[in-house]
Structures are given as C-alpha cells and as structure tokens.
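Chemist: Pasting in a structure now, in structure tokens, and then I'll have a few things to ask.
The values are calculated or read from the model by the stated rules, or taken from the named source; none is laboratory data. In this text, all values refer to a predicted model and were calculated from it rather than measured experimentally. FYI the Cβ positions are ideal-geometry reconstructions off the backbone, even for glycines, and counts take in every protein chain you see. Surface areas here come from the heavy atoms of the whole protein model, side chains and all, with no ligands, DNA or RNA. Shrake-Rupley method; radii C 1.70, N 1.55, O 1.52, S 1.80 Å.
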Amino acid sequence: MKKIFSVFFFFFLTFFIGQKVELKKVTDSSQTFTGEIGGIPITVELSYTGIVDCDQYQHYVDGWYYYDKYKKKIPLTGIYDYYGSLSLYNFGTKQKQKSKLLKEQITSLQKVEKTDEMAQKLSPQEYLIFEKINTDKNPVTGSFYFGKKVLPAKLFTGNAMIYRLNNYLYLPNNKKINTYDFINKAGGNELISYSSGENGNRVLLYFEQTSNFNACGQCGASEGEKGYRVLYFTKDWNYKNYEEFLTESCRENIYDVTKTKSKDKQTITYKIGKSESTPPHTLTVNIKNASVVKSK
C-alpha cells in the first residue's frame with residue numbers, strides 16, 4: 001500500500017510541476033544568421049555595440065561572416081537601421097581603424113541615412129546592404145559588393161533586429177512562447193498569476209515598458225506605458241489571443257488614476273478618468289482568477 005501511494009504521489013507531483021507557468025527575461029545583444037551570397041551558403045554573426053543617438057531602433061553593430069565551406073571569418077562593422085537598411089562593411093587590413101572612423105561620423109538620424117555615402121569615402125574592400133529589414137518577410141534580401149562585382153544576398157530570417165528584449169513564457173506541456181513575437185518588442189512583462197477554466201487557460205501579466213524606443217521622439221522621455229495583459233490559451237495551452245488594459249500611458253494621455261486594493265490583496269481596482277481616447281472607466285484586476293474586467 002505504501003509503495004502504491006508513493007507511485008501515485010510521484011505522478012501527482014510530476015503533473016503538478018508540469019502545470020507550472022514561468023516567465024524569463026532574456027536580452028539578446030547578438031544574433032547569428034544563416035544566408036547566401038550568390039547562392040553560396042554563409043553564416044553571419046552580429047553584435048550590438050550601442051545606439052547611434054537616442055533611438056534603440058538604430059544601433060552600431062560589429063561581427064563577421066564566413067562562407068560555410070571555408071569557415072574563415074571576415075570582419076564586419078556597420079549600422080542596423082530599423083527604418084531603412086542593415087549596412088555591413090569590411091575594410092580589409094584597416095578594419096579596426098576605419099570602423100572607428102565610420103562610427104564617429106554617424107551620430108544622428110540624418111547621418112544614419114547617409115551611412116553608405118560615408119562608408120564609401122573610407123574605401124570598403126567588400127560590403128553587404130540589406131534593405132527593407134522591418135517588413136517581417138523571410139528571407140531578408142540585399143546585395144553583396146566586391147569591387148565591380150555585385151551579387152544577390154539573403155539572410156534566412158524574418159527579423160534582422162540584433163538587440164531584442166525577449167520575455168519567454170514557459171507553459172505546461174513543454175510549450176514556450178515569446179511576447180517579443182506576438183505582443184511587441186518592448187518587453188517589460190511580469191508574471192502575476194495564471195488560471196484554468198472551462199474555456200481554457202489564462203495568464204495575467206503586468207507590464208511597464210517604454211512608450212517610444214526613440215528617446216528623442218514623442219513620449220520618449222516619459223514614464224512609459226503601464227498596465228495588464230491577459231493571455232488566453234486553449235485547454236492544451238495553445239496560444240489564442242490577448243487583451244491589454246492600460247493603467248498609465250503617455251501615448252493615450254492616461255494619468256488620472258486612483259488605485260485601491262482589497263484587504264486580501266487579491267483584487268486591485270483602478271478608477272481611470274477621461275482621456276483623449278477613452279471615457280472614464282474602471283478596471284478590476286482579479287489576481288486569483290488571472291482576469292481583468294473593464295466597466296463604466
């Protein structure tokens with residue numbers, strides 16, 4: 001009987017542990033891509049080395065690429081510009097010196113747009129230009145230049161961004177999703193609770209994130225966006241959709257907020273005044289049920 005109970009307890013414990021939900025934040029500062037130059041397989045590794053001015057979507061990168069057949073690393077330096085191109089240069093034996101000179105010249109949005117013009121004055125030995133990198137199309141396409149030779153180039157990815165704020169949700173049934181892929185690129189999520197019901201499963205997240213990756217742009221220097229997200233899943237923990245509820249926002253001008261907690265701290269109520277985009281309303285956050293109800 002004791003042995004049977006032990007076996008039962010083991011399987012119960014295994015099931016219980018398997019139902020756990022966790023959130024882990026991982027910031028990527030480098031990426032490795034596979035691709036092609038003129039149909040020949042290559043590998044590219046790039047590392048984020050700092051923002052150009054005040055926009056996280058525009059940053060310096062350093063790294064290398066090699067032809068998979070030979071695996072001889074060829075140094076690269078350049079600029080990732082979410083609004084335009086990924087521009088990568090090799091300056092041969094003067095890579096270190098000219099890389100430094102190029103970065104010293106590119107210090108603003110206006111100068112980012114002239115990256116290639118400035119790089120050409122430093123006489124690159126070879127270079128890669130990938131255009132329209134924010135379209136989510138796979139592959140990312142561009143061109144490889146070596147002397148007078150121009151060849152088509154590809155990166156086999158739908159996202160060429162180097163610096164990424166990943167928020168991974170580890171779910172039951174050995175499933176994992178990343179809020180970076182289906183909510184936004186700003187991260188800032190915290191796991192509050194999760195719950196199951198007849199219609200499936202829910203996960204409640206609280207978030208604080210920047211309003212604008214461009215710190216010099218509208219709301220860039222604000223306190224950011226704050227609120228809750230409820231993520232909905234099937235009974236088998238397949239992701240369906242999510243709802244977002246703001247409690248503070250520069251973009252939506254939401255600041256007139258009164259917050260109260262119940263005695264058991266399981267319910268939080270936000271009374272939110274009228275803003276430019278929404279009428280007065282109340283948000284009731286039920287932590288135990290992993291839910292948020294919006295009412296007048």
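Chemist: Out of everything in the stretch 239-265 that is more than 25 Å from Ile183 (Cβ to Cβ) and part of a loop (DSSP other than H, G, I, E, B), what residue ends up being least open to solvent (accessible area, probe 1.4 Å)?
Modeler: Our first condition is that a residue be more than 25 Å from Ile183 (Cβ to Cβ); within the stretch 239-265, this holds for 256, 258, 260-265.
Within this subset, residues satisfying the condition of being part of a loop (DSSP other than H, G, I, E, B) are 256, 262-265.
Numbers: Asp256: 101, Ser262: 39, Lys263: 207, Asp264: 99, Lys265: 138 Å².
Filtering first and then ranking leaves Ser262.
Chemist: Which members of the stretch 209-238 meet the condition of being part of a loop (DSSP other than H, G, I, E, B), over 20 Å from Tyr255 (Cβ atoms) and open to solvent by less than 20 Å² (accessible area, probe 1.4 Å)?
Modeler: The one that is part of a loop (DSSP other than H, G, I, E, B), over 20 Å from Tyr255 (Cβ atoms) and open to solvent by less than 20 Å² (accessible area, probe 1.4 Å): Trp237.
Chemist: Could I ask something else about it? Is there any pair with a first residue in the stretch 194-211 that is touching a residue at least 12 places away in the same chain (Cβ under 8 Å) and a second that is in a strand (DSSP E or B) and among the acidic types (Asp, Glu) whose Cβ atoms are under 6 Å apart and which are 6 or more apart or on different chains, and what are they?
Modeler: Within 6 Å, the pairs are Tyr206/Glu190; Gln209/Glu225; Ser211/Glu225.
Chemist: Just checking, how many residues over the stretch 183-208 are open to solvent by 40 Å² or more (accessible area, probe 1.4 Å) and among the polar types (S, T, N, Q)? Give the derivation first.
Modeler: Residues of the stretch 183-208 open to solvent by 40 Å² or more (accessible area, probe 1.4 Å): 184-185, 190-192, 194, 196, 198-199, 202, 206, 208.
If we keep only those that are among the polar types (S, T, N, Q) as well, we get 184, 196, 199.
Going through the stretch 183-208 one residue at a time, the tally reaches 3.
Chemist: Pick from the stretch 158-186 the residues that are among the hydroxyl-bearing types (Ser, Thr, Tyr) and assigned to a helix (DSSP H, G or I): which of them is farthest from the chain's Cα centre (by Cα)? Break it down stepwise before answering.
Modeler: To start, the set of residues in the stretch 158-186 that are among the hydroxyl-bearing types (Ser, Thr, Tyr) comprises 163, 168, 170, 179-180.
So of that shortlist, the ones also assigned to a helix (DSSP H, G or I) come out as 179-180.
Numbers: Thr179: 8, Tyr180: 4 Å.
The qualifying residue farthest from the chain's Cα centre (by Cα) is Thr179.
Chemist: Within the stretch 94-113, which residues are exposed (fewer than 13 other Cβ atoms within 10 Å of the Cβ) and either touching a residue at least 60 places away in the same chain (Cβ under 8 Å) or not in a helix (DSSP H, G or I) (or both)?
Modeler: Residue satisfying the conditions is Thr107 alone.
Chemist: Out of the residues in the stretch 272-287 meeting the condition of being modelled with pLDDT of 95 or more and in contact with an Asp or Glu (Cβ under 9 Å, 6 or more places away or on another chain), tell me which one is nearest to Leu205 (Cα to Cα).
Modeler: Out of the qualifying residues, it is Ile272.
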